[in-house]
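Accompanying notes for the structure given below.
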Amino acid sequence: MTFKFKIVAGFGAGLAILILVGVLSYESLIRTAEDRAWVTHTHLALEKVDAVLADLLDAETGQRGYILTGDPSYLAPYTDALSHVHQNVKELRELTADNPVQQHSLDRLEKLIAARLAGLQDRIAVRSREGLAAGAEGVRQGRGKENMDQIRALIAEMGMEENRLLKLRS
């Protein structure tokens, strides 16, 4: 081997190593960007899950305030929650469109939400027609707690599913 060949071979090997390092670095950056996108996606879904529960709690708060006071201004959180809960469920459905497990959970959740909101509306109507005692008795006898417990359990399952998927993708 000539000296010139050794120099060219050394530079060629160095260049090949630099190209290999560049390709591996690029692939690593792509994987990191994909991972970051999934983490962001999961956090958005978890925020929407939490927002749905918060909306329902706001609706309950407004309903209870109205039942206790008879003052329609206490229905403001209830009214706001009605529009927000449906929007948050819609956005959650879009975020989880690629996940049949979450879509099935959302189908169940929407039924529970509809039942809960109907119960809240019913108690408000009873309070309006029959007064405080009837409204309070309706809350006491209603299935509201059981319904909210089911919603909380389903929302917890949905959160666990999102976290499970995040761990799989990491």
Pairwise centroid distance, computed over Cα atoms, of region 98-170 with region 1-54, Å: 43
Averaging sequence separations of C-alpha pairs under 8 Å and six or more residues apart, then dividing by the length of region 1-82, give the relative contact order as a whole percent. 19
Rank 103, 37, 139 by how far each Cα sits towards the positive end of the charge dipole of the chain (+1 on Lys, Arg Cβ; -1 on Asp, Glu Cβ) and give me just the farthest. 37
Inter-probe distance in nm under a simple model that places probes 7 Å from Cα toward Cβ, at residue 167 and residue 47: 2.4
List the equivalent ellipsoid semi-axes of the chain in whole Å, largest first, each obtained as the square root of 5λ for an eigenvalue λ of the Cα gyration tensor. 60, 14, 10
Can you compute the modelled spin-label distance between residue 6 and residue 101, with each label point 7 Å from Cα toward Cβ, in nm? 6.1
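With contacts defined as alpha carbon pairs under 8 Å and 6 or more residues apart, what's the relative contact order of the chain in percent?
Details: 130 pairs, mean separation 43.8, N = 170.
Relative contact order comes out at 26 percent.
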Which helices count as membrane-span-like in the chain under these terms: full DSSP H, at least 24 Å along the axis by C-alpha, Kyte-Doolittle mean of -0.5 or more? 3-69, 100-130
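Multiply the residue gap between residue 149 and residue 36 by 0.36 nm, knock off their C-alpha separation, and tell me the result in nm, one decimal place. Mind dumping the intermediate values first?
Numbers: separation 113, 0.36 × 113 = 40.68 nm, distance 3.33 nm.
Fully extending the segment from residue 149 to residue 36 adds 37.4 nm.
About its Cα centre, how strong a charge dipole does the chain have in debye, to the nearest 20, once Lys and Arg get +1 and Asp and Glu get -1 at the Cβ? Write down the numbers at each step before the final one.
Working: 21 positive and 23 negative charges, 117 e Å.
Around 560 debye, computed over the chain.
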For the chain, built as a Gaussian network whose Cα springs stay under 10 Å, the top-fluctuating residue of 43, 84, 104: 104
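Got the relative contact order for region 71-142 handy, in percent, Cα pairs under 8 Å and 6 or more residues apart?
Working: 20 pairs, mean separation 11.2, N = 72.
Normalised by residue count, the contact order of region 71-142 is 16 percent.
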Cα-Cα P(r), region 79-124, percent of pairs per 10 Å interval: 26, 49, 20, 4
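How high is the FRET efficiency between residue 29 and residue 87 when r is their beta carbon distance and R₀ equals 25 Å, given to the nearest 0.05?
Details: r = 36 Å, r/R0 = 1.42.
It comes to 0.10.
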Helix-only [θ] at 222 nm, the chain, -39500 (n - 2.57) per DSSP H run of 4+, per residue, nearest 500, equals -33000 deg cm²/dmol
Rounded to the angstrom and largest first, Cα extents along the principal axes for region 16-93 equal 79, 17, 13
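Once you have the Cα-Cα distance between residue 76 and residue 157, take 0.36 nm times their residue separation minus that, and quote the gain in nm to one decimal. Let's see the in-between values first.
Values: separation 81, 0.36 × 81 = 29.16 nm, distance 2.99 nm.
Stretched fully, the residue 76-residue 157 segment lengthens by 26.2 nm.
Laboratory data are not the source of any read-out in this text; all were calculated from the coordinates shown. Because the structure is predicted, anything quoted here is derived from the model rather than measured. We place every Cβ from the backbone using ideal geometry, glycine too, and count neighbours over all the protein chains shown.
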